[in-house]
Amino acid sequence: MTLQAVPQPPDRTGGRTGDASSPAGLPIAGNDVALSFENISMQFPDGTQALEDVSLTIRKGEFVSIVGPSGCGKSTLLKIASGLFPQTSGIVKVDRSQLGYTFQDATLLPWRKVLGNVELLMELRGFSPEERRRIAMEQISLVGLDGFAEHYPKRLSGGMRMRASLARSLALNPSVFMFDEPFGALDEITRERLNDELVSLFMRNGFSGLFITHSISEAVYLSSKVVVMSRRPGQILEVFDIPFAYPRDPELRYTPEFATLCSEVSVSLRNAIEN
Amino acid sequence: MTQTQPSSNLTAHSPVPFTAERGTLGNLLMLLVPPLVLFGMFILLYAMVRANLEPHRQFLMPSGYELWDKAFGLSDVRWELLTRSLTTLGIALAGLCISIPVGILLGVIMFRATILERAMFPNIVAFQSIPTLAIIPLIQTALGFGTLPKVLIVAKFTMFAIPITLLLGLKSVDRGIINLFRLQGASWRTTLVKACFPSAAPALFAGLRIAASLAVISAIVSELFFLAGRGGLGQMIINSKIDFKYEQMYAALMTATFLSVCVYIAFTWLGHWLFSDWHESGGKET
Ligand SMILES: Nc1ncnc2c1ncn2[C@@H]1O[C@H](COP(=O)(O)OP(=O)(O)OP(=O)(O)O)[C@@H](O)[C@H]1O
Ligand SMILES: [Mg+2]
């Protein structure tokens, strides 16, 4: 288990080989698997069938987004990967010691200031106080919360809380990072800005990403692959390869190619919801 | 009458401040009105009772003048009130020193496992339901008349609220926070100390305030039954009744009430000081 301090230059770089479907410029190359779901089904004890036979592989350095109707089991999939619920059947392959996540809500400890919250995971992993503080301050400024280190979560906006939560996870420099609608509560402009920041974090830290969102343009902008899920019980309906090279140019959003891809995903999602 | 004036429901609203601005006058009123109302009600009741007493029974409700002349005005009575207050306060605090740790321990044990909760909760309720006065002869036989039985009586009175409120607080911890700890492989103890306790602390403090308000009263009740040795305000109440010094009895009663309120306020302030920064009950709006 590596516990290096972040930020750090991507140390897993190399020329990407072999895989035609991936866009150029991904921070990590190779075909190694970072996270894979094999025939996952999930039925809750109360009988709710949330997922049915979901298979999905995220290779190292890939950024995969999932879109799907509300209640289709996206959060459940992430929770299964993290180990919070046991799946009913199927196999998850992942190195959990290297797994980072942001939950759908920020889950900050209300009695700790932002700094204390960002330090929390490092504290639980036994980092020294000086190291904790140093890394936490770096992460806080990385997510744009400079000057808010001594604020209680109660006094932050929803988006700021989410960023604090993001900083908390980033502090462990995970090599696989799962995000559950981290920017759902933000306005379009702030969301786009944070998307740009996330892409640069992705380039810089070189993690593998699994990102859940309801925003199609966000999914297309961030990802090398977009997965569309069906209504509950969730199944994978379609997978779109997003060919645009990394790092992504903010202007990409205004290109016709981008719009075309978004509308394709949109049509697919519409079918998912209506059928 | 086809064309009526379009009625407009628009009204002008001035901004609503977070907490209503009070200003100096408002703050002064805030400070003065509650005690004045309290005091006024007290005087009114007092006057009504006194007016209805036949003259030869008016000693039951001494006048303010008599209260000063025969009790608060005398330096030896004042000294007695002070020393006896300290004795009573000592018993009350010693009782809390037992009931708070024991109560917290019980709360944590019940939180540890549902089976322990099922096993212990009825016992705690049953223990609380034992009428203390009825078992005082037993306590006297078993433990004598010293300080210890008084302290234990205070502990019995004040314990109940603590495990109940603590358990409620511990059980209401945000699942997401627990999950966060679980995913890092945190031990039960770490989770308890870093997640459950801080989260339950405001609820626990509600219990502590109840306990604090009962501590002085129960100390005085215990003194009424354990008269040996130099006692506190409870003993003074009994002694002054025996000696027909009703003014001193009232003085002791009033001091006891004052003491009780002080202990309650101390715990309330402590809670406010600890939690106002982050907890919704704290009252700071910004
Ligand atoms: N602990 C649970 N017990 C029983 N059913 C659950 C539980 N958690 C989730 N579910 C059910 O599983 C289904 C999928 O929930 P999930 O939270 O994964 O949806 P989602 O795709 O993340 O939705 P959204 O986009 O609204 O966040 C829902 O129908 C929900 O009712
Ligand atoms: Mg969800």
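Any read-out appearing in this document is the output of simple, stated calculations on the displayed coordinates, not a laboratory observation. These figures come from a predicted structure and were not determined experimentally. Because the Cβ atoms are built from the backbone with ideal geometry, glycine has one as well, and the counts that use them run over all protein chains shown.
What to note about this one:
- Across all C-alpha atoms in the stretch B:71-131, the radius of gyration and Dmax reach 19.3, 59 Å.
- Built amide H within the under 5 Å cut-off of A:Met229, gap 5+: A:Val67, A:Gly68, A:Leu237
- Pairs of C-alpha atoms in the stretch A:202-275 farther apart than 21 Å represent 27 percent of all such pairs.
- Close amide H pairs (under 5 Å, H built 1.01 Å from N) link A:Glu62 with A:Gly209, residues at least 5 positions away or on another chain.
- Shielding by other protein chains, A:107-114, mean Cβ within 10 Å: 6
- Pairs of alpha carbons in chain A whose separation is greater than 31 Å (percent): 24
- Estimated vicinal HN-Hα couplings, Hz - the stretch A:86-103 in sequence order (Karplus 6.51, -1.76, 1.60; Gly, Pro = x): x, 6, 6, 8, x, 10, 10, 10, 6, 8, 5, 6, 10, 9, x, 7, 10, 7
- Furthest towards positive pole of dipole, B:Gly185, A:Gln43, B:Ser222, structure part the protein assembly as shown, Cβ charges: B:Ser222
- Note on chain A: GNM, Cα springs under 10 Å; of A:Phe240, A:Phe177, A:Phe127, the largest mean-square fluctuation is that of A:Phe127.
- Rounded to whole numbers, the Karplus 3J(HN,Hα) couplings from phi for the stretch B:230-244 are 7, x, x, 5, x, 5, 5, 4, 5, 4, 6, 5, 4, 8, 6 Hz, using 6.51 cos²θ - 1.76 cosθ + 1.60 with θ = phi - 60°, and x at Gly and Pro.
- Pairwise centroid distance, computed over Cα atoms, of the stretch B:100-176 with the stretch A:125-150, Å: 43
- Rounded to whole Å, sorted largest first: equivalent-ellipsoid semi-axes of the protein assembly as shown, Cα gyration tensor: 65, 30, 22
- Each of B:Val49, B:Val216, B:Val77 has some number of other Cβ atoms within 10 Å of its Cβ, and from fewest to most they run B:Val49, B:Val77, B:Val216.
- Between the amide H of A:Phe85 and those of A:Ile80, distances stay under 5 Å, these residues lying 5 or more places away or on another chain, with hydrogens modeled in the peptide plane.
- Calculated from backbone phi, Karplus (6.51, -1.76, 1.60) coupling profile of the stretch A:36-44 in Hz, x at Gly/Pro: 9, 10, 10, 6, 6, 10, 9, 10, 6
- As a ratio to 2.2 N^0.38 Å, the alpha-carbon radius of gyration for the stretch B:1-120 is 2.14.
- Considering every alpha-carbon pair of chain B, the percent of pairs per 10 Å bin, from zero through the bin containing the longest distance, is 6, 19, 24, 21, 16, 8, 4, 2, 1, 0.
- Degrees between helix A:256-274 axis and first principal axis of chain A (Cα, 0 to 90, nearest 10): 70
- Charge tally in the Cβ shell below 11 Å around B:Pro149, where Lys, Arg are +1 and Asp, Glu are -1, B:Pro149 excluded: +1
- Using only Cα coordinates, the Kirkwood hydrodynamic radius of the stretch A:67-136 works out to 14.5 Å.
- All alpha carbon pair distances within the stretch A:54-193 were sorted into 10 Å bins beginning at 0; the resulting P(r) in whole percents reads 11, 39, 34, 15, 1.
- Listed residue (A:Cys72, A:Ile135, A:Val228) projecting farthest to the positive dipole end of chain A, Cβ model: A:Ile135
- Neighbour-count order for B:Asp76, A:Asp105, fewest beta carbons within 10 angstrom listed first: B:Asp76, A:Asp105
- Angle in degrees between helix A:129-142 and the longest Cα principal axis of chain A, rounded to the nearest 10: 50
- Fraction of beta bridges assigned by DSSP in the stretch A:130-275 that are antiparallel (%, nearest 5): 50
- Within the shell of other residues whose beta carbon sits under 11 angstrom from the beta carbon of A:Pro69, the net charge comes to +3, with Lys and Arg scored +1 and Asp and Glu -1.
- Dipole magnitude of the protein assembly as shown, debye to nearest 20 (Cβ charges: Lys/Arg +1, Asp/Glu -1, about Cα centre): 1640
- Distance histogram in 5 Å bins (all Cα pairs of the stretch A:108-172, percent per bin): 4, 22, 36, 25, 11, 2, 0
- Chain B, helix-only ellipticity at 222 nm - DSSP H runs n ≥ 4, -39,500 (n - 2.57), divided by all residues, nearest 500: -24000 deg cm²/dmol
- Cross-link pairs beyond the 25 Å C-alpha cut-off, checked among A:Lys74/B:Lys194; A:Lys93/A:Lys225; A:Lys113/B:Lys171; B:Lys171/B:Lys194; A:Lys79/B:Lys171: A:Lys74/B:Lys194
- Among A:Thr255, A:Thr102, a tally of other beta-carbon atoms within 10 Å of each Cβ gives an order, fewest to most, of A:Thr255, A:Thr102.
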